[in-house]
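Visitor: Below is the structure I would like to discuss, written out as structure tokens.
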Amino acid sequence: MPNTPSLTSRGALTSPAPPFPSPASGHAEGVSNEEFRAAMSRLASGVVLVTAQEPPLDPDDPLAPRGEDVGMTATAFMSVSLDPPLVLVSLREGSRMDDLLDEQPLWAVSVLSESQRHIAGRFAMKGRVSDRLLFADIPYVRGEATGAPLAGGALATLECRTEQRVPAGDHTLVIGRVLTAALPSADGGPLTYFRGRYRQLG
């Protein structure tokens with residue numbers, strides 16, 4: 001039914017209410033980037049290290065040298081399904097990890113503990129040094145299913161194979177099937193991210 005003017009009890013014409021609120025300045029959907037960022041900063045989240053290994057230079061040659069290890073800190077990580085076991089990580093479109101996982105289906109996640117804030121900060125740096133140097137003094141083991149580094153002392157580790165990539169605005173949602181799950185460390189609490197800072201529970 002069209003949205004047309006209506007008569008009041010006294011016979012005066014009234015204009016219909018606009019169907020949507022007026023958009024905020026600079027953002028057609030009604031919320032500015034700053035407002036959205038401030039609101040979402042109030043959502044506490046866990047912190048994980050996402051890792052993958054670049055494919056070998058020659059996939060057909062088992063003796064060909066493998067590429068570098070790549071890592072990034074992520075807070076947009078969640079479980080999706082129990083059967084089958086699926087997880088999701090959100091990657092900035094065009095980032096090194098996004099580009100790598102577009103060609104490398106195997107990757108891993110280390111759930112960081114409160115004592116691993118230095119790892120989170122290191123792999124979140126902008127304009128950072130090479131990944132080879134970032135991994136140099138961090139204890140890790142290689143996942144049997146993926147070959148990706150798994151951080152020593154992490155509360156949990158997961159190895160994954162990409163099932164689906166979903167473009168979403170300026171990010172890519174990567175959904176992975178969990179191939180292995182382990183609990184290497186039972187000590188300490190989780191590292192969390194809240195209001196733009198790494199924090200501890202309690």
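Visitor: Any chance you could run the full-extension gain for residue 99 through residue 170? It's 0.36 nm times the residue separation minus the Cα-Cα distance, nm to one decimal.
Guide: 24.2 nm
Visitor: Lys and Arg at +1, Asp and Glu at -1: add these up for the other residues within a Cβ distance under 11 Å of residue 193 and post the number. Provide the component values of the computation, followed by the final result.
Guide: Numbers: positive: 117, 195, 197, 199; negative: none.
Once positives and negatives cancel, what remains is +4.
Visitor: Continuing with the same structure: Could you look at region 58-202 and say what percent of its accessible area is carbon and sulfur, using a 1.4 Å probe and all protein chains? Kindly include the intermediate steps, with their values, before the conclusion.
Guide: Details: 4340 of 8110 Å².
The C+S portion of the solvent-accessible surface of region 58-202 is 53 percent.
Visitor: Right, another one. First measure r as the distance between the Cβ atoms of residue 33 and residue 58, then evaluate 1/(1 + (r/R0)^6) with R0 = 45 Å and state the FRET efficiency to the nearest 0.05.
Guide: Working: r = 44 Å, r/R0 = 0.97.
Computed FRET efficiency for residue 33 and residue 58 comes out at 0.55.
Visitor: First select every other residue whose beta carbon is under 12 angstrom from the beta carbon of residue 116; then total the charges, Lys and Arg +1, Asp and Glu -1. Show your work: numbers first, answer last.
Guide: Working: positive: 117, 122; negative: 114, 187.
Local net charge: 0.
Visitor: Measuring from centroid to centroid over Cα atoms, what is the spacing of region 131-202 and region 75-119 in Å?
Guide: Answer, in whole Å: 6.
Visitor: Further, regarding this structure: For labels at residue 136 and residue 79 in the simple 7 Å Cα→Cβ model, what's the distance in nm?
Guide: 3.9
Visitor: Of the GluC sites (Glu not before Pro) in region 105-202, which ones lie in a loop per DSSP and count no more than 14 other C-beta atoms within 10 Å?
Guide: Values: sites: 114, 144, 159, 163; in loops: 144.
Passing sites in region 105-202 are 144.
Visitor: If Lys and Arg each add +1 and Asp and Glu each add -1, what is the summed charge of the other residues whose beta carbon sits under 12 Å from the beta carbon of residue 154? Let's see the in-between values first.
Guide: Numbers: positive: none; negative: 114, 187.
Within the 12 Å Cβ shell, the charges total -2.
The values are calculated or read from the model by the stated rules, or taken from the named source; none is laboratory data. This is a predicted model, so every value here is computed, not measured. All Cβ positions, even for glycine, are placed from backbone atoms using ideal geometry, and neighbour counts span all protein chains on display. These area figures cover heavy atoms from the full protein model, side chains too; ligands, DNA and RNA do not enter into them. Shrake-Rupley method; radii C 1.70, N 1.55, O 1.52, S 1.80 Å.
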